[in-house]
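Report on the structure given below.
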Amino acid sequence: MLENIWNETIKTLKETLPSSKSMWLGFIEYKSSTEDSISLVAKSDMYINAFNDSCKADVQSLLDELSGRHIQITIEKGEVSKETASLNKQEKTESKPAAPKRKSTLNPIYTFDNFIPCEETNFAYNAAKAIAMNPGISYNPCLIYGGVGLGKTHLLESIGNYIEAESNNRKNVIYVTAETFTNDFIESLGNKTAPAFRIKYRKADVLLIDDIHFFSKKESTQEELFHTFNELYENQKQIVFTCDRPISELNDFTDRIKSRFQRGLNINLKAPDYETRVAILRKKCQEKQIRISDQVINYMAENIKTNVRDLEGALTTLVAYSKLVKSDITLEIAQEQLKNIVVAPIASEQDISISSIVKEVSSFYKVDVSDIKGKKRTAIIKDARNVAIYLTRKITQYSTTEIGTYFDRDHSTVTHSIDKVDKEKKTNAELSSSLDAMEANIRAKAR
Ligand code: ADP
Ligand code: MG
């Protein structure tokens with residue numbers, strides 16, 4: 001049975017992951033399995049590393065989802081069968097003509113056409129389009145910020161793809177993640193190729209850097225970024241960055257960079273509403289030729305409110321499962337398969353209200369409930385507020401946007417509070433056990 005589940009997992013991921021990730025699945029082979037573990041083999045360490053880095057997490061989560069238990073994955077170096085080797089070759093040559101000749105690192109699947117805007121994201125969508133149509137002129141620089149899975153990368157790469165297509169690849173569009181930029185920079189220092197690094201980034205017509213919060217605490221990279229930024233900006237080259245929070249909240253960013261961005265366009269990407277979640281699911285089904293009833297689509301859109309990535313993940317799980325059991329996706333199947341993602345939101349929202357969480361936190365920290373929701377900024381109140389936000393996210397099904405509405409904070413402040421507590425509890429055992437205690441109390445009272 002595990003072998004079937006493995007096959008279905010790989011088939012689904014090959015269809016749904018971007019090819020830059022899924023290509024590595026072609027180099028590994030199923031070897032054996034037990035009740036709850038699976039052994040894989042690949043020809044060399046390079047393939048093993050590439051698999052681990054690019055798609056192991058996706059494989060793990062879908063395997064666990066489909067089997068309903070945690071599956072241990074091990075992979076070792078060894079001979080792959082002749083069939084796999086020839087299959088790999090065949091896949092490679094087959095996919096060659098289809099692959100567009102791109103010198104860029106952009107992923108062609110991200111376009112404005114398949115981004116579905118809603119009232120919440122309309123402004124972001126139109127601004128991104130305006131940038132793509134008039135790079136370096138309309139909105140420069142531009143920062144797109146917001147929580148995970150809300151389409152920042154999608155919009156950023158759409159800008160790049162649009163400009164490349166319109167200019168017939170004459171415009172030099174550079175898309176990198178902040179991590180790649182940092183690694184490139186570090187490597188250039190080690191190899192004494194700093195000039196090459198500078199030339200590469202400073203001759204961009206359009207520089208797109210994804211997830212710039214990664215630059216936090218990396219002072220020399222920030223310094224280099226600053227010079228690149230200035231040179232491009234002075235020459236009216238377009239600069240678009242994405243970040244998980246507004247630039248003002250990047251505490252260890254130099255003021256020089258912050259002030260450059262404060263002068264530009266800052267776009268807050270928010271979570272889509274119910275109607276848009278339905279529209280996104282319909283579009284994804286259409287793109288992937290998946291047949292699924294309105295009832296199931298509505299069920300998913302009602303219950304998965306966190307972000308678009310979670311919606312897509314749920315759809316992938318359902319499709320893989322329905323293929324495995326060779327059945328249509330019924331509402332019962334959806335409810336059963338998605339129970340780990342959808343934690344009975346109606347019950348939990350009834351049982352555990354935000355106000356009961358705030359009450360518990362307020363008595364733990366000995367601060368007033370009204371202060372937690374208010375504007376005071378003393379250390380103890382700030383701590384209590386962050387913890388209340390963190391616990392709400394952890395215990396309830398409310399989206400970060402909804403939590404923001406309750407606490408009268410914007411979405412990015414909520415994300416920031418959650419990150420802060422999450423990080424701190426890893427090194428602060430006292431905080432970690434206080435969190436557990438508060439959570440246990442909240443749950444006990446809800447029973
Ligand atoms: P982020 O970079 O903000 O974490 P992504 O851009 O990676 O999020 O989006 C996660 C997934 O959701 C991607 O597959 C993306 O195509 C999809 N997505 C996000 N927003 C939309 C939208 N409005 N319409 C269609 N697909 C979307
Ligand atoms: Mg992203």
When the stretch 142-154 is checked residue by residue, the ones that are near ligand 1 (Cβ under 6 Å from one of its atoms), in contact with a strand residue (DSSP E or B) (Cβ under 6 Å, 6 or more places away or on another chain) and either assigned to a strand (DSSP E or B) or of a type in the set (Val, Ile, Thr) (or both) are Thr153
Within the stretch 367-417, residues being outside any helix (DSSP H, G or I), at pLDDT below 90 and touching a Ser or Thr at 6+ places or on another chain (Cβ under 7 Å) number 4
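Would you point out which residue out of Val41, Val59 is at pLDDT 80 or above and farther than 20 Å from Leu324 by Cβ?
Val41
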Can you say whether Ala128 is surrounded by 23 or more Cβ atoms within 10 Å (Cβ to Cβ), within 11 Å of Val240 (Cβ to Cβ), aliphatic (A, V, I, L, M) and in contact with a strand residue (DSSP E or B) (Cβ under 8 Å, 6 or more places away or on another chain), as far as the supplied structure shows? yes
Checked against (1) away from ligand 2 (no atom under 16 Å from the Cβ); (2) crowded, with 19+ Cβ neighbours inside 10 Å; (3) touching a residue at least 40 places away in the same chain (Cβ under 8 Å), Leu155 satisfies every condition except (1)
The lone condition Lys200 fails out of (1) surrounded by 14 or more Cβ atoms within 10 Å (Cβ to Cβ); (2) more than 27 Å from Ser412 (Cβ to Cβ); (3) modelled with pLDDT under 90 is (3)
Is the stretch 204-220 home to any residue that is more than 16 Å from ligand 2 (Cβ to nearest atom), crowded, with 18+ Cβ neighbours inside 10 Å and in a helix (DSSP H, G or I)? no
Picking from Glu157, Glu179, the residue that is within 21 Å of Ser248 (Cα to Cα), among the acidic types (Asp, Glu) and not in a loop (DSSP other than H, G, I, E, B) would be Glu179
Among Gly146, Gly160, the single one that is within 16 Å of ligand 2 (Cβ to nearest atom), in contact (Cβ under 8 Å) with a residue 60 or more places away in the chain and buried (at least 21 other Cβ atoms within 10 Å of the Cβ) is Gly146
- Out of all the residues in the stretch 395-408, is one or more among the acidic types (Asp, Glu), loosely packed, with under 14 Cβ neighbours inside 10 Å and closer than 25 Å to Gly147 by Cβ? yes
Can you confirm whether the stretch 223-236 contains a residue that is over 24 Å from Ala130 (Cβ atoms), of a type in the set (A, V, I, L, M, F, W, C), more than 22 Å from the chain's Cα centre (by Cα) and surrounded by fewer than 13 Cβ atoms within 10 Å (Cβ to Cβ)? no
Selection from the stretch 155-178 of residues in contact with a strand residue (DSSP E or B) (Cβ under 9 Å, 6 or more places away or on another chain) and within 16 Å of ligand 1 (Cβ to nearest atom) yields Leu155, Leu156, Glu157, Ile159, Gly160, Asn161, Tyr175, Val176, Thr177, Ala178
*Is it true that some residue in the stretch 263-273 is away from ligand 2 (no atom under 16 Å from the Cβ) and among the hydrophobic types (A, V, I, L, M, F, W, C)?*
yes
Exception for Asn307 within (1) of a type outside the set (Val, Ile, Thr); (2) at pLDDT below 90; (3) under 20 Å from the mean Cα position of the chain (by Cα); (4) more than 16 Å from ligand 1 (Cβ to nearest atom) falls at (4)
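The values are calculated or read from the model by the stated rules, or taken from the named source; none is laboratory data. Note that this is a predicted model, so its numbers are computed, not measured. Positions of Cβ are backbone-derived with ideal geometry, glycine not excepted, and every protein chain shown enters the neighbour counts.
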